[in-house]
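Notes to accompany the following structure.
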Amino acid sequence: MKQCPNPCPVVAANRNSMAALRAHLLEGYQCLDAWLALSQLVTDVRQRRDCLERAAVLAPENEDIQVAYLEAVLVVEPDNRAAITRLNEIRTLRLLSDVKTSHFHEQPRARLLGDILVSMGAISPAELREVLRTQQTGTPITTDRRLGQLLLRQGLITPSKLAHALIIQQQERSRLRIAPQVLGEYLVEQNYITPQQLELALAEQLRLDQKNQRLSLGQILVRLNMISESLIERAAREHDQAFWAKYGY
Ligand SMILES: [Zn+2]
């Protein structure tokens, strides 16, 4: 899997050429710009949704892209309640992010992750409330990732427990089509790795993240000898080819 610089020079030169963008992606580039450019070129609403889904996977922390993806989901499935709820949640939090309204900050977007951790018995409801309450005085928790980091930093949970909770959350959201399928899920679905290996790799990613070492899930799976570099490249390529095959290219 090759990473592109941002902005990507190939996309800058070929923004309006579907063939050039397709060729670029099929060379194995994980290119956010290319998926965004494609999402503007395609005319089929499902195809547009799928392009934004790929972009959303590559930029999980980019709220604009998550919103664009959810809006595209709603064009295809106007009654997707989960997507409507999630979109409203993001919009409300955005409106409130500059306003210190303690009342609303007690119901952060991370609620689901917090609920999962409580239901797993990883933390108590009182601990969760305490963490969310102390956050009111600082920057509000706007992402699940931040809640997770905070709990890790305070030693309230282990990376393994957080990894388990994040996997449950991702599965729930994918099932409801409010989050795109990430590479890790695809690898499990295609039996390249087991769910246990995915969880171990995610826990390792969280551990490294705490030491400010950012590695992709793919890099970690290779490092832990759970998959070879050539196999993960093959899987990523299959994932891309499946996309094009679906639309008859
Ligand atoms: Zn590129």
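Where a number appears in this text, it was derived from the coordinates with a stated rule and is not lab data. A quick note: this is a predicted structure, and the numbers were derived from the prediction, not measured. Every residue, glycine as well, gets a Cβ built from its backbone with ideal geometry; the counts of neighbours run over all protein chains shown.
Could you check the spin-label model distance between residue 231 and residue 18? Points 7 Å from the Cα along Cα→Cβ, value in nm.
About 3.6 nm, to one decimal.
Amide H to amide H, which residues 5 or more places from residue 193 or on other chains are under 5 Å from it, using H placed in the peptide plane?
Hits under the 5 Å cutoff: 188.
With each pseudo-label sitting 7 Å past Cα toward Cβ, what's the residue 196-residue 153 distance in nm, one decimal?
About 3.4 nm separates the two model spin labels.
At a Förster distance of 22 Å, what's the computed FRET efficiency of residue 2 paired with residue 213, Cβ-Cβ distance as r, to 0.05?
Calculated value: 0.60.
Cα-based Rg (one decimal) and Dmax (whole number) for the stretch 205-249, in Å?
Cα-based Rg and Dmax for the stretch 205-249 come out at 14.2, 45 Å.
Can you tell me the length gained on complete extension of the stretch residue 85 to residue 71, counting 0.36 nm per residue apart and subtracting the Cα distance?
This chain segment gains 3.9 nm when fully extended.
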